[in-house]
1. Could you check the spin-label model distance between residue 95 and residue 301? Points 7 Å from the Cα along Cα→Cβ, value in nm.
2. Could you compute the FRET efficiency for residue 4 and residue 74, with r as their C-beta to C-beta distance and R0 at 25 Å, rounded to 0.05?
3. Considering all alpha-carbon pairs of the chain, what whole percent are spaced by more than 42 angstrom?
4. If I model a spin label as a point 7 Å beyond the Cα along the Cα-Cβ vector, how far apart are those points for residue 197 and residue 116 in nm?
5. So which chymotrypsin sites (Phe, Trp or Tyr not before Pro) in the range 116-212 end up in coil per DSSP with only 10 or fewer other C-beta atoms within 10 Å?
6. Report, in whole Å, the centroid distance computed from the Cα atoms of the range 26-40 and the range 388-451.
7. Over the range 18-153, what is the relative contact order in whole percent, taking alpha-carbon pairs under 8 Å and six or more residues apart?
8. What does the charge add up to near residue 345, with Lys and Arg as +1, Asp and Glu as -1, over the other residues with Cβ less than 14 Å from its Cβ?
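What follows is calculated from the coordinates using simple rules that are stated; it is not laboratory data. If you're wondering where the values come from, they're calculated on a predicted model, not measured in any experiment. All Cβ positions, even for glycine, are placed from backbone atoms using ideal geometry, and neighbour counts span all protein chains on display.
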Amino acid sequence: MSQSFSITDLFTIGIGPSSSHTVGPMRAARDFAERVLIRPDVGQLICELFGSLALTGHGHATDTAILLGLSGFTPEGTDPDDIASIIAAIRHADSLKLAGKVDISFVESQHLLFRKGEFLPGHANAMRFTAIYGDGSECSETYFSIGGGAIKRENADAPRLNFVLPHPFASGADLLAMGNDTGMTFGAIVEANEAAWRSEAETRAFIDEVRVAMLACIKRGIAKDGILPGGLNVKRRAKCLHERLVERGPRSDPSTVFEWVSLWALAVNEENAAGGRVVTAPTNGAAGVIPAVLKYYEIFTANPTPEGSRLLLTTASAIGFLYKTNASISAAEMGCQGEVGVACSMAAAGLAAALGGSNAQVENAAEIGMEHNLGLTCDPIGGLVQIPCIERNTMGAIKAINAAYLALQGDGSHIVSLDAVIETMRQTGEDMRSKYKETSLGGLAVNVVEC
Ligand code: SF4
């Protein structure tokens, strides 16, 4: 199977704290609401959450996402600052306006059910919506949140592509061969393929918009302090850390660089944990890695250019496509290797490309970025995207930068191919026990007492 989705599917501008548990459920709920309104006499609506969504949904704001989605809101179009009042109004009235059109009674304790311990075949993140019409007939649909905010409706036909990509690829080997044949970089291959969806100018405008949204998220994260929501009493650190770094001024100590990079990743992931506006890159939990590496490129490298920033993002997306196509970016399937590990691999490749690396070096950087994240579990304390997630993004960003330079110091030849490491990640994810895959039933989640 070759690439069948666009860069706009990989980098989406949404809300925190989770792409698979917040953004995906919101999209699924909205889709269902629109479908059932083919008949306006909906009397009752029940939403059941299964698997990882049931186990960590409260901490990941899945309940809020479902209420918003049923009410017709989108992750892209909802102002994070409005969410609390919208949800309070729904809960106060025990009713919502289905798809923004028809008032229905919705008592959360009766109509939104967390089926803990129950899994549906198909995917660990499953939702079943059932509408009961005035005449007693029912309509039911099951959705899966498959990672990065993408959803799949059970039994729905796969979308058909009515176009042919100029440079279809399904593996790192394809990318390398295509690069050899055409002289194109991975980023240029992605940009050329995007022409199947929209004009070159529109694609460039989208990439620039993603860059601006990433940097704006860093800025917002740095400006805010206080305690993150959810009850763990996690203090936001980015603002204080930023003040200290500014006060200290430029130093020749090399630690300065990774303190700034860590700050930028912290800022994004604190924004995400607070339910703010973030770019899925490729998921919300891992949203800080690529922005921190992008900012590193723009601030700390010798000759950053707008072209280089674009190349960083397009190259990162080429690598993201490979993980989405050949494995998964869902933590419920792969653990954190599928989130922070993939983001690290994408960022490493992007940075290596922006710094002028050859395709072989870029492929090597992506491979190193994943090789040292293999086996990384997902065990968020309290089901919140806070510990270990926020700090883990700082580690992912630093590791990505290291991976890029390791690759750039070589000639691109190496023993483990990117394709081999992606397949290893997939197999490792399959073998990983479910308690380490976004269920909060293992790891830190059970060894740290919540207070
Ligand atoms: S541990 Fe990793 S995969 Fe799990 S929620 Fe946190 S960032 Fe996402």
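1. 5.7
2. 0.65
3. 13
4. 3.9
5. 163
6. 36
7. With pairs under 8 Å counted, the relative contact order is 40 percent.
8. -3
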